[in-house]
Structure formats: C-alpha cells, structure tokens
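Report on one structure; see the data block that follows.
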Amino acid sequence: MNTTADPRSRSASGPERAASTSAAATPAGSAAPSAWGRSARLGGGTGRLVVVSLVFGVLLAAMLGVIAYGLAGTADPADPRRPWVLGLVVASGALPVLAGTVWMLLVDRATIKGAVRDPEESIESRWYDAAAGGAFHDLLVVLGLGTFVVSMTGWTAELSLVGAGLVLFMMADVAIRYRVQKRRG
C-alpha cells in the first residue's frame with residue numbers, strides 16, 4: 001500500500017493555511033490591507049480615497065464657514081468688523097472632522113490593516129454595552145430622586161445646568177462602569 005499522500009489532496013497547515021486565510025479575507029483582486037484602507041465605491045487605491053475625503057471635507061467645511069460668515073452679522077451683539085474671521089475659524093475647525101467623516105463613510109473595513117473583523121462581537125463592545133446599560137439605570141434613579149427632591153423642596157434650577165450635569169454624570173458613570181467591566185474581564 002502506498003503511504004505517500006497526493007499533494008493535491010493534502011489540506012493546508014501552518015504557513016500555507018495562514019496564507020490562504022489571509023488571502024480569503026481580502027477582496028478578490030486587491031492588494032494587502034493598508035493603514036488608510038481603500039474604497040470599493042471609488043474603485044481606486046488609498047491615494048484616491050484620501051484625496052476624495054479631503055476634497056469633500058474641504059467643500060463641506062467651506063459651506064459651514066460660509067454659513068458662519070453669513071450668521072456672524074445677525075448675532076446679538078453683532079460684530080460686523082470681522083465676520084470672515086469667524087467663518088475661517090469655523091471652517092478650519094470643521095475640516096479635519098468632516099474629512100475624517102467622509103473617509104469613514106467611504107473606506108472598506110476589510111482593507112484596513114489591523115481592523116477588527118466584527119467589532120460588534122468584540123469583548124470591548126460587550127463591556128461598553130454592559131456599562132451603558134448600567135449607567136442608563138443609574139440615570140433613571142438619579143432622575144427619580146432629583147424629581148422627588150425638586151417637588152418636595154420647590155427648588156428651581158436653570159434647565160441648561162441640569163442638563164449639562166446629567167450629561168456629565170452619564171459620561172462619568174459609563175467611564176467608571178466600563179473600567180470595572182474591563183477589570184473583571
């Protein structure tokens with residue numbers, strides 16, 4: 001009986017298997033994943049994705065700057081001397097955010113080096129879900145107790161300060177609960 005196996009019937013193992021699984025993870029006909037990724041919608045490489053993201057980011061930021069410029073003269077008290085400064089500051093501040101948002105909407109996740117395949121199934125996602133759920137229940141308790149105190153004492157507070165306080169409370173609560181979940185593993 002012949003004990004040598006036919007090379008065509010042998011299953012891949014070790015480096016051969018790693019090469020076949022990494023090739024299966026990348027889209028057909030595309031290069032290896034890169035730090036900035038690529039977009040199938042644009043049909044090009046990393047350079048095209050970055051250029052399109054920057055161009056759309058500049059256009060959107062310019063539109064926001066023009067809106068700020070137009071609204072600068074209507075504010076109370078209006079400072080009509082330099083509304084273009086406000087427009088320029090708003091546009092330059094919004095540019096990186098808008099360009100990053102356009103990039104995020106266009107990039108294909110599978111083409112980014114080191115990206116998690118299913119982020120919603122990661123342990124960090126579970127930690128966040130547990131932390132946010134617990135913080136929501138804490139918020140319900142705080143709102144109930146706060147409503148009770150306000151109704152019994154007749155105390156009045158400025159609504160914007162109460163809202164800001166509740167948002168800060170929720171942010172701190174989620175951060176603390178997330179850290180506890182992370183420590184528990």
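If residue 103 meets every condition in (1) loosely packed, with under 14 Cβ neighbours inside 10 Å; (2) at pLDDT below 95; (3) not acidic (Asp, Glu) apart from one, which number is that one?
All conditions pass for residue 103, except number (1).
Considering only the range 136-154, state which residues are among the acidic types (Asp, Glu) and either surrounded by fewer than 10 Cβ atoms within 10 Å (Cβ to Cβ) or outside any helix (DSSP H, G or I) (or both). Can you show your working first?
Here is the first cut: in the range 136-154, the ones among the acidic types (Asp, Glu) are 138.
Selection gives nothing.
Is it the case that some residue within the range 124-135 is at pLDDT below 90, loosely packed, with under 13 Cβ neighbours inside 10 Å and under 17 Å from the mean Cα position of the chain (by Cα)?
yes
Restricting to the range 26-55, and then to whatever is surrounded by 12 or more Cβ atoms within 10 Å (Cβ to Cβ) and small (Gly, Ala, Ser), can you tell me which residue is modelled with the lowest pLDDT?
30
Could you say which residue among 125, 92 is farther than 21 Å from residue 43 by Cα, without any contact (Cβ under 8 Å) to a residue 24 or more places away in the chain, assigned to a helix (DSSP H, G or I) and among the polar types (S, T, N, Q)?
Numbers: 92 fails: without any contact (Cβ under 8 Å) to a residue 24 or more places away in the chain.
The conditions single out 125.
Among (1) assigned by TED's automatic domain parsing to the domain that holds residue 46; (2) surrounded by 12 or more Cβ atoms within 10 Å (Cβ to Cβ); (3) not basic (Lys, Arg), where does residue 92 come up short?
Only one criterion is unmet by residue 92, namely (2).
May I ask you to list the residues in the range 106-122 that are part of a helix (DSSP H, G or I) and exposed (fewer than 14 other Cβ atoms within 10 Å of the Cβ)? Steps first, please.
Restricting attention to the range 106-122, the residues satisfying the condition of being part of a helix (DSSP H, G or I) are 106, 109-111, 119-121.
Answer for the range 106-122, where residues must be part of a helix (DSSP H, G or I) and exposed (fewer than 14 other Cβ atoms within 10 Å of the Cβ): 109, 119, 120, 121.
Looking at 162, 167 in this structure, which one is under 20 Å from the mean Cα position of the chain (by Cα), within 30 Å of residue 74 (Cβ to Cβ) and not assigned by TED's automatic domain parsing to the domain that holds residue 51? If you could, list the steps in order and put the result at the bottom.
Details: 162 fails: under 20 Å from the mean Cα position of the chain (by Cα).
Being under 20 Å from the mean Cα position of the chain (by Cα), within 30 Å of residue 74 (Cβ to Cβ) and not assigned by TED's automatic domain parsing to the domain that holds residue 51 holds for just one of 162, 167, which is 167.
The values are calculated or read from the model by the stated rules, or taken from the named source; none is laboratory data. All values derive from a computational prediction rather than experimental measurement. Counting neighbours? That spans all protein chains shown, and the Cβs are built from the backbone with ideal geometry, glycine included.
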